[in-house]
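Worksheet: the structure to be examined is printed underneath.
Any read-out appearing in this document is the output of simple, stated calculations on the displayed coordinates, not a laboratory observation. What you see is a predicted model; the values in this text were computed from it and never measured. Note that we place each Cβ from the backbone using ideal geometry, even for glycine, and neighbour counts take in every protein chain shown.
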Amino acid sequence: MALRPCYLVTPEELETRLRPRLEHPELAAGNLFSYVDIRDAALVFRLAVERELPGYSVFFAGAADPLAREPLANLLPRYYPGAEKMAAALRGTQPAISNRRAEAVLGYRPRYSWRDLLKLD
C-alpha cells in the first residue's frame, strides 16, 4: 500500500507556511493548491494500518478543500495552460487532488481546513 499525503502542514505552521501561499497563489500552484493537516495525515495512516487490503493500493490524502481563496476553476488555467477543461469540472472549493478512493476504501474524512484554523482579514 502507498499513501500519498499532499503538502503537509502542522497547526503551528499555519501562519508561516499557509498564509504566504494564500496571499501569493503561485507558491501553492506547484502542488495543485493541495495540502493536508498533519493530524489528518496521521488519521489516514492509522486507517490504512488497520485495514488488511489485498494486493497493492495507492491512496491520496489531502484536505477537503484547496489551499486557495479563489476557485480552482479560475486558478489552474492561470498556472497550467491547457488545464481549462479539467479545471472547469471543479466546483466551488473542490480540490484538484481527490480523496475519493481513501474515503471509499479506508473511511478517510479530513477534519481540518485552513478556512477554520487561519484567521484572515
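Among residues that are touching a helix residue (DSSP H, G or I) at 6+ places or on another chain (Cβ under 9 Å), farther than 26 Å from residue 118 by Cβ and surrounded by fewer than 14 Cβ atoms within 10 Å (Cβ to Cβ), residue 52 is not included. Under the condition of being touching a Lys or Arg at 6+ places or on another chain (Cβ under 8 Å), assigned to a loop (DSSP other than H, G, I, E, B) and aliphatic (A, V, I, L, M), the residues counted in the stretch 69-119 number 1. Figure legend. Inter-residue proximity from the stretch 65-85: first residues without any contact (Cβ under 8 Å) to a residue 12 or more places away in the chain, second residues loosely packed, with under 15 Cβ neighbours inside 10 Å and not in a loop (DSSP other than H, G, I, E, B), beta-carbon distance below 6 Å, spacing 6+ or different chains. Indicated pairs: 77/84.
Tell me the residue from 17, 21 that is more than 18 Å from residue 109 (Cα to Cα) and free of Cβ contacts under 8 Å to residues at least 24 places away in the same chain, please. If you could, list the steps in order and put the result at the bottom.
Working: 21 fails: free of Cβ contacts under 8 Å to residues at least 24 places away in the same chain.
Residue meeting the stated conditions: 17.
Out of the stretch 55-68, which residues are surrounded by fewer than 22 Cβ atoms within 10 Å (Cβ to Cβ) and either assigned to a loop (DSSP other than H, G, I, E, B) or basic (Lys, Arg) (or both)? Even if it seems obvious, please write down each step before you answer.
Taking the stretch 55-68 and keeping what is surrounded by fewer than 22 Cβ atoms within 10 Å (Cβ to Cβ), we get 55-58, 60, 64-65.
Within the stretch 55-68, 55, 56, 57, 64, 65 qualify.
Taken over the stretch 24-44, the criterion of being loosely packed, with under 13 Cβ neighbours inside 10 Å and either among the polar types (S, T, N, Q) or closer than 19 Å to residue 94 by Cα (or both) is satisfied by 26, 30. Do we have residue 34 as among the polar types (S, T, N, Q), in contact (Cβ under 8 Å) with a residue 60 or more places away in the chain and under 17 Å from residue 7 (Cβ atoms) here? The answer is yes for residue 34. Within the stretch 75-88, one or more residues are acidic (Asp, Glu) and either farther than 17 Å from residue 107 by Cα or touching a His at 6+ places or on another chain (Cβ under 8 Å) (or both).
In summary, residue 89 fulfils each of the numbered conditions (1) in contact with an Asp or Glu (Cβ under 8 Å, 6 or more places away or on another chain); (2) surrounded by fewer than 14 Cβ atoms within 10 Å (Cβ to Cβ); (3) hydrophobic (A, V, I, L, M, F, W, C) with the single exception of condition (1).
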